[in-house]
Every structure is written in structure tokens, then in C-alpha cells.
1. Does residue 217 fit the bill of being in contact with a helix residue (DSSP H, G or I) (Cβ under 8 Å, 6 or more places away or on another chain) and either within 23 Å of residue 149 (Cα to Cα) or in a loop (DSSP other than H, G, I, E, B) (or both)?
2. Given 183, 227, which one is over 14 Å from the mean Cα position of the chain (by Cα), surrounded by fewer than 19 Cβ atoms within 10 Å (Cβ to Cβ), touching a residue at least 12 places away in the same chain (Cβ under 8 Å) and farther than 30 Å from residue 62 by Cβ?
3. Is the stretch 35-46 home to any residue that is modelled with pLDDT of 70 or more, farther than 21 Å from residue 119 by Cα and in a helix (DSSP H, G or I)?
4. Determine, yes or no, whether residue 207 is over 22 Å from residue 136 (Cα atoms) and assigned to a strand (DSSP E or B).
5. Read through the list (1) surrounded by 17 or more Cβ atoms within 10 Å (Cβ to Cβ); (2) farther than 25 Å from residue 52 by Cα, then give the number of the only condition that residue 215 fails.
6. Between a first residue in the stretch 117-143 that is on the phi > 0 side of the Ramachandran plot and at pLDDT 95 or above and a second residue that is buried (at least 24 other Cβ atoms within 10 Å of the Cβ) and part of a loop (DSSP other than H, G, I, E, B), which pairs have beta carbons less than 7 Å apart while being 6 or more apart in sequence or on different chains?
7. Of all residues in the stretch 188-204 being part of a loop (DSSP other than H, G, I, E, B) and touching a strand residue (DSSP E or B) at 6+ places or on another chain (Cβ under 6 Å), which is farthest from residue 263 (Cα to Cα)?
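The values are calculated or read from the model by the stated rules, or taken from the named source; none is laboratory data. Predicted model, so just to flag it, every value in this text is computed and none were measured. Neighbour counts run over all protein chains shown; Cβ positions are idealised from the backbone, glycine included.
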């Protein structure tokens, strides 16, 4: 009977392979743990931090305005008496709405001055979505959107003014205030509170998907440049809410449009 001879060189080779496989396994496990932690950070931690920060900012604005949250302002039906919606010509002399001193112009409550970049100066309330979130000037990710705020597109109008008050918000992560935007339906109310008034808009039209470069949706008279059947033909008092779609991507945008139906001074 012949005995198999095991050479030291063969033993060393097999030991090297075992060490290589073990080391590779450790690397894969470590990479998996790191990826899992990154997912947890993005999907949970950023939401937690942003939501808490946004809630604190809403409370700070309410203290500044001398209110306790209230009922979110007037609505299209019922509730406290509201100011009539002015004609577009009535507000042509007004400036942007901020938390500063207010004045009246043609039945509309407007505010002097302009918000500073990244300044939170209003509160957006959407009852159907149980959403109450600060509105800040600009759409910078680090300074506005990643804080859980909704951002006001520079160059578009302010609340209560003739034209298009256009806003953007995250669909996922960093507070994701607009995650459930697709749940809005025609007739739902959207309220914007400033230091001088509460403006109530009614959802009128929804553009489910368009290009992320479709600038037509935030024009003074909003109309999609990609899908021209969606939009308006006449000047008015509009609000536009935009976010990414579908979820967890930024390839496309959706837009929700509303019209001003009432305003109530503080």
C-alpha cells in the first residue's frame, strides 16, 4: 500500500488559500455592515434629525408671530371670515411676503421686504398629509431642503401675490415632507402662514410626471413645457408644489398646482 506524501509546499498553499478566503469574507461582511449603516443613516437618521429641526423652526416662527399654532388659518368653506381674493392688478405694487411688517394693498395683505437666502419665513400646512413644515427662501439642499424644510423657488412670487408661489421639497430622506404628495386630490386645501396673514389655496391640477428640467411648471402662469396639456392659460394666484418621482429617484418631477381661494390677516 502506497502512502500519500504531503509536501510542505502544498500545505503552505492550502493555508494561504484559507487565509485569503477568510480575509475576503471579512472584507465582504465589513462592507455589508457599512452599507447597512449608510442606509439606516439615510432612511432613518436624516429623517429624524430633519423632522425635529423643522418642528422646532415651526414653533419658533409661531412664537415670533405670537400664535400657538391655531387652526392653520382660513379655508374655502366655513370657519372665520376671510379676505376676498383680489384681482391680479390689485397686488401689482406689493413686495414679497416675509415675517416683517405688513401693509394692505387693494384688499390683499402683503409684506414689505424680501426673505434672506435660506431664511425660514412661512409655514406650509397640508391637512390631508398631516404636514406642517417651514418654508425657507431658496432650494439649496444643505441650507434648506436637507433641513426638512420646503424651499421657495427664487424668482417666483410670494404667497398671496399674483403669479406663482412655487415650492420644492424632498420626497425621500431628510424629513421627506413631500413623500405623500401623490395623495393630494383636487379640492384639498394647502395653507401658507406668514407673520401677517394666512393664505389658503385649493388643489386644482396634478402633473404626475415630467422632466426634472421642465421649468414651465414654475412660471408665473404655470404650464408644462414637456406635457403642454397640463397647466394654465391665464394669470392668477397660483401655488406649485414639486418633488421627485418615482420614490427614491430624482429622474423625474411631479407638480401639484393650486389656486388661492381665501386670505385672512392676523
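1. Numbers: in contact with a helix residue (DSSP H, G or I) (Cβ under 8 Å, 6 or more places away or on another chain): no; either within 23 Å of residue 149 (Cα to Cα) or in a loop (DSSP other than H, G, I, E, B) (or both): yes.
No; evaluated as a whole, the condition is false for this residue.
2. Numbers: 183 fails: farther than 30 Å from residue 62 by Cβ.
The match here is 227.
3. If we filter the stretch 35-46 for residues that are modelled with pLDDT of 70 or more, which is where we start, we get 45-46.
Then drop every residue that is not farther than 21 Å from residue 119 by Cα, which leaves 45.
From what's left, in a helix (DSSP H, G or I): 45.
Checking the stretch 35-46: at least one residue is modelled with pLDDT of 70 or more, farther than 21 Å from residue 119 by Cα and in a helix (DSSP H, G or I).
4. Working: over 22 Å from residue 136 (Cα atoms): yes; assigned to a strand (DSSP E or B): yes.
Spelling it out, residue 207 is indeed over 22 Å from residue 136 (Cα atoms) and assigned to a strand (DSSP E or B).
5. Failed condition: (1).
6. Short answer, once both residue conditions are applied: 118/144; 138/144.
7. Kept after step one, since they are part of a loop (DSSP other than H, G, I, E, B), are these residues of the stretch 188-204: 188, 194-196.
Those still in the list that are touching a strand residue (DSSP E or B) at 6+ places or on another chain (Cβ under 6 Å) too: 188, 194, 196.
Details: 188: 16, 194: 11, 196: 10 Å.
The selected residue is 188.
Listed here are the residues, each with its yes/no results for (1) part of a strand (DSSP E or B); (2) closer than 25 Å to residue 53 by Cα; (3) touching a helix residue (DSSP H, G or I) at 6+ places or on another chain (Cβ under 9 Å).
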{"residue": "177", "(1), (2), (3)": "no, yes, yes"}
{"residue": "226", "(1), (2), (3)": "no, no, yes"}
{"residue": "235", "(1), (2), (3)": "no, no, yes"}
{"residue": "239", "(1), (2), (3)": "yes, yes, no"}
{"residue": "250", "(1), (2), (3)": "no, yes, no"}
{"residue": "254", "(1), (2), (3)": "yes, no, yes"}
{"residue": "259", "(1), (2), (3)": "yes, no, no"}
